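The next block holds one structure in the form of structure tokens; read it before the comments.
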Amino acid sequence: MAPKIKPTPMMEQYLAIKKQYPDAFLFYRLGDFYEMFYDDAVKGSQLLELTLTQRNHSSKNPVPMCGVPHHAVQNYIDILVDKGYKVAICEQMEDPKQAKGMVKREVIQLVTPGTLMDESAGDAKENNYLTALHQDQNGKMGFAYADLSTGELKVTELQSTDALVNELTSLRTKEIVVDDSVNQDILAVIKKLKILISTQNSYEEKAEFSYAVQDLTSNLEIEVVKHLLMYLTVTQKRALAHLQRAIHYEPSAYLKLDRFAKRNLELLQNSRTGKKSGTLLWILDATKTAMGGRLLKQWLSRPLLLKDEIEQRQGIVQNLMDNFFERNNLQDELTNVYDLERLAGKIAFGSANGRDLIQLKTSLSHVPQIRYLLSQLNTDGIYNDLLAELDPVEEVADLIEQAIVDDPPISVTDGNLIREGYNDELDQYVDAMKNGKQWLADLEEQEREKTGIHNLKIGFNKVFGYYIEVSKGNASKVPQDRYQRKQTLVNAERFITPELKEKESLILGSESKAYDLQYKLFVDVREQIKDQIKRIQKLAHALAKLDVLQGFAVVSENHQFVKPELTTQGHSLEIKDGWHPVVEEVMGRQSYVPNDIKMDDDQTILLITGPNMSGKSTYMRQLALTVIMAQIGCFVPATQARMPIFDQIFTRIGAADDLISGESTFMVEMKEANEALENASENSLILFDEIGRGTATYDGMALAQAIIEFIHDHVHAKTLFSTHYHELTILDKKLKHLTNVHVGAVEKNGELIFLHKMQPGPADKSYGIHVAKLAGMPDSLLQRADVILKRLENDSKKVTHHEEADEESAATSVIKEDESSVSQVDEQLSLFQPETVKLDSQENELLEDIKTTNLMSLTPLEVMNKVFEWQQRLTKKGKRK
Ligand code: ADP
Ligand code: MG
């Protein structure tokens, strides 16, 4: 919507600025409002529920307009940015009253989803990562991310689009900075993830940039970091002093959890609600600080691979579990520590106020006690590393103590910030404000004494300010060297002295001067602290670590988790009485049935069968969660646990179960499965939950079998494979590294009761109809299903079981056309229908009759009769037996 007539000078200015920010909402400051015009106004008014008005509404082409009051602007910015838009804040750069012509205006900040820093916008325990991508000629990717509020800056090289997607989703970035080097295919993938793409094609060589990249060796990484920093500079338009030196990281240095695994395992986000409740994070988060909360999330996204590092964490967790009182004291101290990372960010950003500095001081004041507590516990040196990082940054604490009052206001320009005694000049101003009158009275008294003029008095008028008035008769007594005549009245003379003038300016200007000076001193203090930001950040990180670990101790104690023993020799795995920490928490300890998971070195595949709803999926996830908990250094939900360190976890959930993703096509399922087959190593864990469900029975089963065989012969990863194709259970005859387990169920009075207990050997069938019954389906329907089932099982001789078959034939053909072996089906039915298991000739006849009856050729009454006859035949048969 471009203007059609010549715009006013103001609109000209607006359009010139808007041109520089075509992809952002331009908030144009106009007096007490920020206004939007044209398309911004139309769209903005909808998104923000503002009234759309018009400028120049009398003209032919009025300009659409809407506005928000300046004091509430943050709220509106947050809403837009949260929805994935950018907002350019355009301020008046001079006082409109003093401006000649158009008021000068400039964009002072471009707020974007990846650079939003306002606390109210997000959970304090949430990082907001801006990411960046740059490619070299060979397509190799440099990838960086930064959190503007905490100063974290990390960079790596990525080998594949898939690796990129994993990083993007695990960081949950809302915005990525790219340049022209990034190819279209990759951009298309990023778009699909609904991440805002911003472009930054060049950068300047700045000192801060060189500082940030000094530890990097790869050109690709240096390039991408500089692009990222340039984007931050351009959008934020201020110093980025708190950004930490870029740290190279290796995604492969951590347990690899692809995005499907993270989602399926519900580590951070409940896949139904998107919330924290019902996740592993929910169980494990007993952190006392926002920094700890954020770090825990990072740890959950990147569990460790090195035994030493894991055991270091375990050692601290154990120690804190053993020392209840010290731990409690530690928690009390941590509770009083504010978000140091974000405070450091605000200080560097120049947005910290007096209260922030007091929070910083308060936080720092708890460090010595924390150090003391740790040194008490540090008998075998486990806290050495932490102690080395727990720097109380005393200079900063002292500086704030000396300079800033205990209870400063939010505003930094209205005084009451700086402590008395910090600055002489300021003290005088404050004194002058408070004691101005008294001063004058004192001066008057002194001057009377000095001059001997008893009626000397000090007065004030607007023209001359303060003066000393002496009656005409005494005028000759004033000391000529100090007194300067200012005004002669009929019977009095008025004088000023240098001292009086000095005090006058003190008194008159004291208030505004005090405010100005306070602000100046405050900024000065803030600048001094800025020099120590790296130390504060280091301290923050150490406190965050300590916080997460004390949280692990708390939850491990409360939930009776046990310290897992990590083996680096072989791949055997043994978990005694393990449980799924989230499911257990939700349903309560008493109702949960703990389960063992045992896999020897050479046992790679557990084939899990059992009725629907019996606990197969829970059992599988339980293992994955246990592995993750172990590898972040926490204790695990079991009475005893020994396990290898895994390098990757893959989870693939059969399409029918995967209702949440909305992409549950069979194709996706197969793609995901393939990814696991391609990438898993013998040190990986694969969870295949009812894979092959998304297609017709036979090809589903065929694929499931082929996948199992492939893993068995080529991948060798520890694999839990649940299936409702219980026909697959005979694979244990052929595959020597495969073991059958099943979830037990018993029937009581025709009802199926799940034991939720894993037992060796295969399940006997899948009990689908029983589950349908549990779900309350009508009896008639269930009976009908039963009949169909029997017919299928009887009729179809395709699915067979080769009890007697030799290894080779069993291996090659679970699914086989074979007339000779129907017996398995019958056997399987025996648990629930002992009396109707074997279909005799009579029953077969009856079934055949049902099958072939052409209902369409009968009248309804005839159908009734038919059904009655069938029933008669069945009941007679039943009675006979
Ligand atoms: P499946 O995958 O076999 O269909 P799920 O693992 O989804 O079954 O489990 C179904 C429900 O059974 C769970 O939601 C939970 O309420 C319950 N359950 C699972 N495992 C256990 C257990 N070990 N003890 C008690 N209840 C369990
Ligand atoms: Mg399941």
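The values are calculated or read from the model by the stated rules, or taken from the named source; none is laboratory data. Here the structure is a predicted model, which is why all the values come from computation and not from measurement. A quick note on method: Cβ atoms are made from the backbone with ideal geometry, for glycine too, and the neighbour counts reach across all protein chains shown. These area figures cover heavy atoms from the full protein model, side chains too; ligands, DNA and RNA do not enter into them. Shrake-Rupley method; radii C 1.70, N 1.55, O 1.52, S 1.80 Å.
Considering only His242, Leu280, Gly292, the residue lying farthest towards the positive end of the dipole of the chain is His242, judged by Cα position with unit charges set on Cβ.
With a sphere of radius 12 Å drawn around the Cβ of Pro96, what net charge do the other residues whose Cβ falls strictly inside it have (Lys, Arg +1; Asp, Glu -1)?
Working: positive: Arg29, Lys97, Lys100, Lys104, Arg105; negative: Asp32, Glu91, Glu94, Asp95.
Combined, the nearby Lys, Arg, Asp and Glu give +1.
Heavy-atom accessible area for Phe666, with the other protein chains in place and a 1.4 Å probe, reaches approximately 50 Å². Which of rounded, prolate, oblate describes the range 565-774, given a ≥ b ≥ c as roots of the alpha-carbon gyration tensor eigenvalues and a/c under 1.5 marking rounded, otherwise prolate only if a/b is larger than b/c? It is rounded, given that a/c, with a ≥ b ≥ c, falls under 1.5.
Going from most exposed to least, what order do Thr169, Thr852, Thr604 have by accessible area with a 1.4 Å probe? Can you show the working numbers first?
Numbers: Thr169 45, Thr852 90, Thr604 10 Å².
Correct descending sequence by accessible area is Thr852, Thr169, Thr604.
Give, rounded to the nearest 20 debye, the magnitude of the charge dipole that the range 121-253 has about its Cα centre when Lys and Arg contribute +1 at Cβ and Asp and Glu contribute -1 at Cβ. Write down the numbers at each step before the final one.
On the way: 13 positive and 19 negative charges, 91 e Å.
Rounded to the nearest 20 debye, it is 440 debye.
Each residue of the range 161-174 is assigned a 3J(HN,Hα), and the resulting list reads 4, 4, 4, 4, 4, 4, 5, 4, 6, 6, 7, 6, 6, 9 Hz, derived from the Karplus form 6.51 cos²θ - 1.76 cosθ + 1.60 (θ = phi - 60°), x at Gly and Pro. Classify the range 121-253 as rounded, prolate or oblate from the Cα gyration tensor: take a ≥ b ≥ c as the square roots of its eigenvalues, call it rounded if a/c is under 1.5, otherwise prolate when a/b beats b/c and oblate if not. The shape class here is rounded.
The range 554-585 and the range 65-99 have Cα centres spaced 52 Å apart. Between the range 180-199 and the range 259-318, the C-alpha centres lie 29 angstrom from each other. Across the range 639-646, rounded Karplus estimates of 3J(HN,Hα) from the backbone phi angles (6.51 cos²θ - 1.76 cosθ + 1.60, θ = phi - 60°) give 8, 7, 8, 9, 7, x, 8, 8 Hz, Gly and Pro being marked x. Taken per residue, the accessible surface of the chain reaches 47 Å², heavy atoms only and a 1.4 Å probe.
The range 501-519 and the range 18-37 have their alpha-carbon centroids 38 Å apart.
Phi angles across the range 386-392 convert, under the Karplus curve 6.51 cos²θ - 1.76 cosθ + 1.60 with θ = phi - 60°, into 3J(HN,Hα) values of 5, 4, 5, 8, 7, 8, x Hz, Gly and Pro given as x. Measuring between alpha carbons in the structure, the pairs from Lys462/Lys501; Lys140/Lys671; Lys83/Lys262; Lys276/Lys297; Lys538/Lys563; Lys83/Lys174 lying more than 20 angstrom apart are Lys140/Lys671; Lys83/Lys262; Lys538/Lys563. Across the options Tyr14, Pro69, Val81, the greatest Cα extent toward the positive end of the charge dipole of the range 9-111 (unit charges at beta carbon of Lys, Arg, Asp, Glu) belongs to Tyr14. P(r) for the chain, from all Cα pairs and a bin width of 20 Å, is 12, 31, 28, 18, 7, 3, 1, 0 %, short bins first. Close amide H partners of Ala352, meaning residues 5 or more places away or on another chain with modelled amide H under 5 Å apart, are Ile347.
Placing +1 on each Lys and Arg Cβ and -1 on each Asp and Glu Cβ, with no other charges, gives the range 565-774 a dipole about its Cα centre of roughly 540 debye. Ranking Arg29, Arg482 from most to least accessible surface, computed with a 1.4 Å probe over the protein chains only, gives Arg482, Arg29. Accessible surface of Met667, taken over heavy atoms with a 1.4 Å probe and every protein chain present, rounds to 120 Å². The residue list Asn612, Leu623, Val636 was ranked by how far each Cα lies along the charge dipole of the range 565-774 toward its positive end, using unit charges on Cβ atoms, and Asn612 comes out on top. With a ≥ b ≥ c the root eigenvalues of the C-alpha gyration tensor of the range 9-111, is it rounded (a/c under 1.5), prolate (a/b larger than b/c) or oblate? Verdict is oblate for the range 9-111. For Phe324, the shell of other residues with beta-carbons less than 14 Å away shows a net charge of -3, using +1 for Lys and Arg and -1 for Asp and Glu. Net charge dipole, the chain: roughly 3200 debye, given to the nearest 20, about the Cα centre with Cβ charges of +1 for Lys and Arg and -1 for Asp and Glu.
From helices alone, the chain scores -14000 deg cm²/dmol at 222 nm; the rule is -39500 (n - 2.57) for each run of n ≥ 4 DSSP H residues, then divide by the residue total.
Amide H to amide H, with H built 1.01 Å from N, Gln109 comes under 5 Å of Ile89, counting only residues 5 or more places away or on other chains.
Computed from Cα atoms, the angle from the helix 424-451 axis to the main principal axis of the chain rounds to 20 degrees.
A probe of 1.4 angstrom, applied to the heavy atoms of all protein chains, finds Phe710 with accessible area near 90 square angstrom. Would you grab the residues whose amide H sits under 5 Å from the one on Ala745? Only those 5+ places off in sequence or on another chain, please, with H modelled 1.01 Å from N. When sequence neighbours closer than 5 places are left aside, the close amide H contacts are Leu755.
Computed in the context of the full set of protein chains, the accessible area of the chain at 1.4 Å probe radius has 50% of its extent on carbon or sulfur.
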